[in-house]
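Chemist: Below is a structure I'd like to ask you about.
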Amino acid sequence: MRTGLRIFVLTTTAMALASIWLSFQSRVTRAQDQSPQVIEMTAKKYDFGPSAVHVKAGSKVVLKITATDRPHGFKISTVPDGASKGAQPGLVLTSPPAEECYRLEKGQQVTVEIEAKSPGTYTFKCCVHCGLGHGGMKGQLIVDPS
């Protein structure tokens, strides 16, 4: 009878430890899933590089943007292209302060933190007049379904 009790105690302990380990692993995975996707970008004479950025819906994104030649700006629409007037934002700008236009000084990196809530294409553009091609300095943040 003692052997049966020992086996029962050992089995129960092993199952409890396995359950605790699986719970811990699940928490670690969730924490890793919530770590932001960091994307390095440049702004230079009428061009953002990369000009198209893909992320998954539900992700947190950190854009690290550096102007390489002169001052530029970065402005992104929080509603997807083609959305009806008054549509709910699909992007939330979380970097302090959440600005209308982030000014990009030459050689200085600016961080823009975004929560990509809803799928869609979100246009970004230069919002500091930078020369003749300023109006064409655009790009897209494409939020793919998760």
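What follows draws every value from the coordinates through simple rules; no lab data is involved. These numbers come from a predicted model, not from an experiment. Reconstructed Cβ throughout: ideal geometry from the backbone, glycine too, with neighbour counts over all protein chains shown.
Chemist: Specify whether the C-alpha gyration tensor of the stretch 99-146 places it in the rounded, prolate or oblate class, a ≥ b ≥ c being the square roots of the eigenvalues: rounded for a/c under 1.5, otherwise prolate if a/b is larger than b/c and oblate if not.
Modeler: Cα axes put the stretch 99-146 in the oblate bin.
Chemist: Moving to a separate point now. Quick one: grab the alpha carbon gyration tensor of the stretch 30-115, order the square roots of its eigenvalues as a ≥ b ≥ c, and give me rounded if a/c is under 1.5, else prolate or oblate depending on whether a/b is larger than b/c.
Modeler: Oblate, since a/c reaches 1.5 and b/c is not below a/b.
Chemist: While we're looking at this one, here's another question. Amide H to amide H, which residues 5 or more places from residue 138 or on other chains are under 5 Å from it, using H placed in the peptide plane?
Modeler: 48
Chemist: List the GluC sites (Glu not before Pro) within the stretch 47-146 that DSSP assigns to loop and that have no more than 14 neighbouring Cβ atoms inside 10 Å.
Modeler: Hits after loop and neighbour filter: 100, 105.
Chemist: Could I ask something else about it? Which of the trypsin sites (Lys or Arg not before Pro) found in the stretch 74-146 are loop residues per DSSP with 12 or fewer other Cβ atoms within 10 Å of their Cβ?
Modeler: Loop-located and lightly packed - 85.
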